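The values are calculated or read from the model by the stated rules, or taken from the named source; none is laboratory data. Everything quoted here is computed from the prediction, not taken from an experiment. We place every Cβ from the backbone using ideal geometry, glycine too, and count neighbours over all the protein chains shown.
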Amino acid sequence: MTEVAILGYGVVGSGTVEVLEKNAARISKNAGQRVNVKSILEIRDFPDSPHKDKFVKTFEEIENDDDISVVAEVIGGVDLALDYTRRCLKAGKSVVTSNKEIVAKHGYELLKLAGENGVNYLFEASVGGGIPVVRPIAQCISANRINEIYGILNGTTNYILSEMTKKGTEFEDALKDAQQKGYAEADPTADIEGHDACRKICILSSLAFGHHIYPEQVPTRGITAITAEDMNFAAELGYKIKLLGRSRAIGDKVAAYVGPHLISQDNLLSHVDGVMNGVVIRGNAVGDVMFYGAGAGKLPTASAVAADIIDAVKHRYARKLIGWGEGGEEYAADPMQLESAWYIRTNVDREKVRREFGDVIFAEGAFDTKSTIAFKTGYMSGNIIKDLIDREIPALSLFRILGDY
Ligand code: HSE
């Protein structure tokens, strides 16, 4: 039998305990032995919980318990979680986590520490919730050189954008609706400003390309500037607007960024709606593979945490080769050099647009009725488009168009 501890009894922590109990027989079979939750670290009291005897109030009770060999860190945030993770690894306990912030910021250090102590640090739940995507990169498609990853990595913003598309609402109204439905947090900053998607593309990129990509190396734009008018113009041009995290290999470097994109309605990813996530990975042997499913939520996320617990139990005396090397400036490329077609909404006239951009495709239908126009450019790099916009065509909105590169 393996004794496990859970740090934090919030949504994911309580979900993990639920999955471990509900599927106990199957989990024992897959782990090769019984998996028992011995302790749950939580400052709140749950006097009516069937697990009330397992709750402990100090981390030291878990740190010093030699019977516990696997710990699930599902506290969230960085400060406490980072301290506890380091101490568990140093105490010879494997750690599994859903905490994308900590993996994106400190993954290399923690993976190294796990290696030095002969234990594992696993993080399947940190990207895409219940969607298997970390292991597929590390194992199933590991014979490929990966050229590109792009995906809808945040459920809250995808819900907001889907509502704006479907109902024609403005961003603020769709955000309020998402908050009322419990999808968006009271403080939605990390989601709507793109920080959450940034952390997730950092993790996927580090794993796929082999060196730690840090959040500060990933230019990030969220969805707050997208208007109902943009949604209409995009639809007229045959696209939907989605927030994507994207990274692409350029030689030995990686260009990664987060921002709104127009996606052709012919592309499967444009049909990933509501709180669902979708990730496309392009390998040089496999071609494009797509992963789709619930990117957040109690049981989907717990499904991935519990699977990592099983893997940690199975590999108690062996290292899982899931991780990456040290990062640094020499591995990060500037995404502004990537070429694509662009969507621009502006209030200058069509003649001027044609003079500066040549052959463009205007969103028809809106021209006679709105004070702004929107159009699709040919291929150009971010640097060129920025120069044109700064000098001649002030953009009210400027988004990349996926696929036209
Ligand atoms: N806030 C995140 C989302 C939760 O909306 O996708 C899952 O990481």
Checklist entry - Before we move on, is GLU163 out of contact with any strand residue (DSSP E or B) (no Cβ under 9 Å at 6 or more places or on another chain) and part of a helix (DSSP H, G or I)? => result yes
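Residues are listed down the side, and each one gets a yes or a no for (1) surrounded by 24 or more Cβ atoms within 10 Å (Cβ to Cβ); (2) within 18 Å of LEU111 (Cβ to Cβ); (3) at pLDDT 95 or above:
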{"residue": "ARG199", "(1), (2), (3)": "yes, yes, yes"}
{"residue": "SER206", "(1), (2), (3)": "yes, yes, yes"}
{"residue": "HIS212", "(1), (2), (3)": "yes, yes, yes"}
{"residue": "VAL218", "(1), (2), (3)": "yes, no, yes"}
{"residue": "TYR239", "(1), (2), (3)": "yes, no, yes"}
{"residue": "ARG246", "(1), (2), (3)": "yes, no, yes"}
{"residue": "ALA255", "(1), (2), (3)": "no, no, yes"}
Checklist entry - Listed residues ILE40, ILE102; which is surrounded by 19 or more Cβ atoms within 10 Å (Cβ to Cβ), within 16 Å of the ligand (Cβ to nearest atom) and touching a residue at least 24 places away in the same chain (Cβ under 8 Å)? => result ILE102
Checklist entry - So which pairs qualify, if the first residue must be in region 349-361 and exposed (fewer than 12 other Cβ atoms within 10 Å of the Cβ), the second must be of a type in the set (A, V, I, L, M, F, W, C), the Cβ gap must be under 8 Å, and the two must be at least 6 apart or on different chains? => result ASP349/ILE373
Item to check | Of residues in region 119-156 being farther than 22 Å from ARG248 by Cβ and part of a loop (DSSP other than H, G, I, E, B), the one farthest from the ligand (Cβ to nearest atom) | outcome: VAL119
Item to check | Subset of region 17-52 (residues that are in a loop (DSSP other than H, G, I, E, B), at pLDDT 95 or above and within 20 Å of GLY76 (Cα to Cα)) | outcome: GLU42
Checklist entry - Within region 80-118, restricting attention to residues that are part of a helix (DSSP H, G or I) and of a type in the set (Val, Ile, Thr), which residue is nearest to GLY327 (Cα to Cα)? => result VAL103
Item to check | Residue list for region 196-225, filter: away from the ligand (no atom under 16 Å from the Cβ) and among the basic types (Lys, Arg) | outcome: ARG221
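Give, as residue ranges, the strands (runs of 3 or more DSSP E) completely inside region 232-337 that count at least 2 residues that are within 16 Å of the ligand (Cβ to nearest atom) and under 28 Å from LYS376 (Cα atoms). Show your work before the answer.
Values: elements: 239-250, 253-264, 276-283, 287-294.
Those strands (runs of 3 or more DSSP E) span 239-250, 253-264, 276-283.
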Checklist outcome for this item: When (1) more than 14 Å from the ligand (Cβ to nearest atom); (2) under 16 Å from ASN277 (Cβ atoms); (3) of a type in the set (Gly, Ala, Ser) are applied to ALA228, the one that fails is (2)
Checklist entry - Going by the structure shown, is ASP191 free of Cβ contacts under 8 Å to residues at least 40 places away in the same chain, within 12 Å of the ligand (Cβ to nearest atom) and crowded, with 24+ Cβ neighbours inside 10 Å? => result yes
Checklist entry - Is region 45-58 home to any residue that is in contact (Cβ under 8 Å) with a residue 12 or more places away in the chain, among the basic types (Lys, Arg) and buried (at least 18 other Cβ atoms within 10 Å of the Cβ)? => result yes
Item to check | Positions within region 372-404 being surrounded by fewer than 19 Cβ atoms within 10 Å (Cβ to Cβ) and in a helix (DSSP H, G or I), in sequence order | outcome: ASN383, ILE384, LYS386, ASP387, LEU388, ILE389, ASP390, ARG391
Checklist entry - Among the residues of region 115-125, is there at least one that is more than 21 Å from LEU269 (Cβ to Cβ), at pLDDT below 95 and buried (at least 16 other Cβ atoms within 10 Å of the Cβ)? => result no
Checklist entry - Do we have ALA186 as at pLDDT below 95 and in contact with a Ser or Thr (Cβ under 7 Å, 6 or more places away or on another chain) here? => result no
Checklist entry - When you go through (1) surrounded by fewer than 21 Cβ atoms within 10 Å (Cβ to Cβ); (2) more than 23 Å from VAL254 (Cβ to Cβ); (3) not β-branched (Val, Ile, Thr) one by one for CYS88, which number turns out not to apply? => result (1)
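Looking at ASN232, ASN284, ASN267 in this structure, which one is polar (S, T, N, Q), touching a Lys or Arg at 6+ places or on another chain (Cβ under 6 Å) and surrounded by fewer than 24 Cβ atoms within 10 Å (Cβ to Cβ)?
After applying the criteria, what remains is ASN284.
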Next on the checklist: Can you tell me how many residues within region 219-256 are in contact with a Gly (Cβ under 8 Å, 6 or more places away or on another chain) and among the β-branched types (Val, Ile, Thr)?
Outcome noted: 2
